[in-house]
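Please treat every number below as a calculation from the coordinates, not as lab data. Source: prediction; values computed, not measured. Counting neighbours? That spans all protein chains shown, and the Cβs are built from the backbone with ideal geometry, glycine included.
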Amino acid sequence: MLTEIKKPDDEVLKKAAELIKQGEVVAIPTETVYGLAANAYDSSACAKIFKAKGRPQDNPLIIHISSLDMLRRSVKEIPDIALHLAEKFWSGPLTMIFPKDDIVPDTTSGGLDTVAVRMPDNEATLKLIELCGVPLAAPSANLSGSPSPTCAQHVYNDMNGRIPLIIDGGECRTGLESTVICFTDSGKCIKILRPGAVTAEMLSEFATVVTDKNVYEKPDANEKVISPGVKYKHYSPNAQVYIVDTDSDEEFVGFLNSHGGDNIYGVIFGREQGIEIPVLKYGNTAEEQAHNLFAVLRETDELGAKTAYVRCPDKNGVGTAVYNRLLRAAAFRIIKP
Ligand code: TXA
Ligand code: MG
């Protein structure tokens, strides 16, 4: 199959909508990462997403809406708190989990009786959803296990020959996937299943917020998890990634300088001085790190890196999300020098 990359003018969006109505899969830009989109109500179209990604069948998809009407059509029940959160954070990087309506097929929800919903903050993609008239189910547009794509070229590298069209909306603003939450205690409590740019601090204005333990821990082999995604290998480049956890620039630089070798790279904030091994920079602030992390992990592959020692991010605010992704990229390997 020929894979085209096109900028989102009206013609291209119309063509994308036609493809989606015919049950095809199209890659779409969002403010977080690129998604691999199909009609969320069409079971065989969604099956194609799983095939293109090589994604396990029990890992549910997020459905992307352009109006609250689409939310109402897709779920059985909307707690008041969800409407308040929607008003504050949509369109934006917040995904909420609801009891699903029968209109959402089991393929989309990975067999669960719930469905994850968000309204993305990208003008072209909102227009496309509108043109399709149905929500678009879309996981991140990478091959299962790889770092998520934050530009059209990343999608092309993973999906060339597997899908007909990639809509090129430029670089994703945030660079990390949305915050995923569910509600407990009849909507009095918010549980964070995956951290993102909408942080625990921001959510705590609305309810008590707890963070699921699997945000920071590897689930046990037979553990029943709320969010099936946490069971699987994630965000990993070919290189062995290690998190180097220290607050001190000197200690970090000392560690790198004593661990150099063939195809060994440091992934640094950028402000550190005196490093003698080759490095990639991912930024001095949590926002920059979120924006650059996946691109830098993909770059280690292009360089043929065997080992990447990544500086541990600050674990506050959006840094929580950066750390969560990095933990999985590193298969939970942490070095304290
Ligand atoms: O920012 C994002 O969320 C991007 C863009 C494309 O919107 N999408 C994304 O999708 O990251 P994906 O499939 O890569 O990650 C979805 C995560 C998975 O960990 C999945 O297990 C979880 O959300 N999830 C989806 N539906 C769920 C549900 N009903 N219950 C619990 N977890 C769910
Ligand atoms: Mg993903």
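Only one of the numbered conditions (1) near ligand 1 (Cβ under 9 Å from one of its atoms); (2) farther than 22 Å from A45 by Cα; (3) surrounded by fewer than 24 Cβ atoms within 10 Å (Cβ to Cβ); (4) of a type in the set (D, E, K, R) is violated by E177, and that is (3). When N284 is tested against the conditions (1) out of contact with any helix residue (DSSP H, G or I) (no Cβ under 8 Å at 6 or more places or on another chain); (2) within 16 Å of S146 (Cα to Cα), the lone failure is (2). Could you grab me the full set of residues in segment 110-140 that are within 16 Å of ligand 2 (Cβ to nearest atom) and touching a Lys or Arg at 6+ places or on another chain (Cβ under 8 Å)? Hit for segment 110-140 is P139, nothing else. The single condition among (1) within 12 Å of ligand 2 (Cβ to nearest atom); (2) more than 11 Å from the chain's Cα centre (by Cα); (3) in a loop (DSSP other than H, G, I, E, B) that D158 does not meet is (3).
Across segment 127-155, what is the number of residues that are assigned to a helix (DSSP H, G or I) and closer than 18 Å to L61 by Cβ?
We begin by selecting, within segment 127-155, every residue assigned to a helix (DSSP H, G or I); these are 127-132, 152-155.
From what is left, the residues that are closer than 18 Å to L61 by Cβ are 128-129, 132, 155.
The number of residues fulfilling the criteria is 4.
Within segment 20-38, identify whether any single residue is without any contact (Cβ under 8 Å) to a residue 24 or more places away in the chain and either among the hydroxyl-bearing types (S, T, Y) or over 21 Å from R162 (Cβ atoms) (or both), and answer yes or no.
No, there is no match, as no residue in segment 20-38 is without any contact (Cβ under 8 Å) to a residue 24 or more places away in the chain and either among the hydroxyl-bearing types (S, T, Y) or over 21 Å from R162 (Cβ atoms) (or both).
Which of the residues that make up segment 161-216 are in a helix (DSSP H, G or I) and among the acidic types (D, E)? D185, E201, listed by residue number.
Among strands (runs of 3 or more DSSP E) lying entirely in segment 233-332, which contain 1 or more residues that are over 21 Å from the mean Cα position of the chain (by Cα) and either within 18 Å of A197 (Cβ to Cβ) or in contact (Cβ under 8 Å) with a residue 40 or more places away in the chain (or both)? Before you say what the answer is, go through the steps one by one.
Working: elements: 240-244, 264-268, 279-281, 307-311.
Qualifying strands (runs of 3 or more DSSP E): 240-244, 264-268, 307-311.
Does P105 qualify as being under 23 Å from F294 (Cα atoms), within 15 Å of ligand 1 (Cβ to nearest atom) and touching a residue at least 12 places away in the same chain (Cβ under 8 Å)?
On the way: under 23 Å from F294 (Cα atoms): no; within 15 Å of ligand 1 (Cβ to nearest atom): yes; touching a residue at least 12 places away in the same chain (Cβ under 8 Å): yes.
So P105 fails the test.
When segment 180-201 is filtered for residues that are basic (K, R) and surrounded by 18 or more Cβ atoms within 10 Å (Cβ to Cβ), the ones remaining, listed by number, are K191, R194.
A single member of S227, S186, S204 is in contact (Cβ under 8 Å) with a residue 40 or more places away in the chain and more than 10 Å from ligand 1 (Cβ to nearest atom), and it is S186.
Listed by first and then second residue, the pairs linking a residue in segment 118-144 that is without any contact (Cβ under 8 Å) to a residue 24 or more places away in the chain to a residue that is surrounded by fewer than 17 Cβ atoms within 10 Å (Cβ to Cβ), with Cβ atoms under 9 Å apart and 6 or more places separating them unless they lie on different chains, are G133/K21.
I'd like to check something: does segment 66-80 contain any residue that is out of contact with any helix residue (DSSP H, G or I) (no Cβ under 6 Å at 6 or more places or on another chain), surrounded by fewer than 21 Cβ atoms within 10 Å (Cβ to Cβ) and on the phi > 0 side of the Ramachandran plot?
We begin by selecting, within segment 66-80, every residue out of contact with any helix residue (DSSP H, G or I) (no Cβ under 6 Å at 6 or more places or on another chain); these are 67-78, 80.
Remaining after also requiring surrounded by fewer than 21 Cβ atoms within 10 Å (Cβ to Cβ): 67-69, 72-73, 76-78, 80.
In the following step, the residues that additionally are on the phi > 0 side of the Ramachandran plot were identified as none.
Scanning segment 66-80, I find no residue that is out of contact with any helix residue (DSSP H, G or I) (no Cβ under 6 Å at 6 or more places or on another chain), surrounded by fewer than 21 Cβ atoms within 10 Å (Cβ to Cβ) and on the phi > 0 side of the Ramachandran plot, so the answer is no.
Among the residues of segment 23-56, those that are within 15 Å of ligand 2 (Cβ to nearest atom) and polar (S, T, N, Q) comprise T30, T32. For segment 211-232, filtered to residues that are aliphatic (A, V, I, L, M) and surrounded by 13 or more Cβ atoms within 10 Å (Cβ to Cβ), the residue that is farthest from T184 (Cα to Cα) is V230.
Within segment 116-149, the set of residues being crowded, with 24+ Cβ neighbours inside 10 Å, more than 10 Å from ligand 1 (Cβ to nearest atom) and under 16 Å from G170 (Cβ atoms) comprises L128 only.
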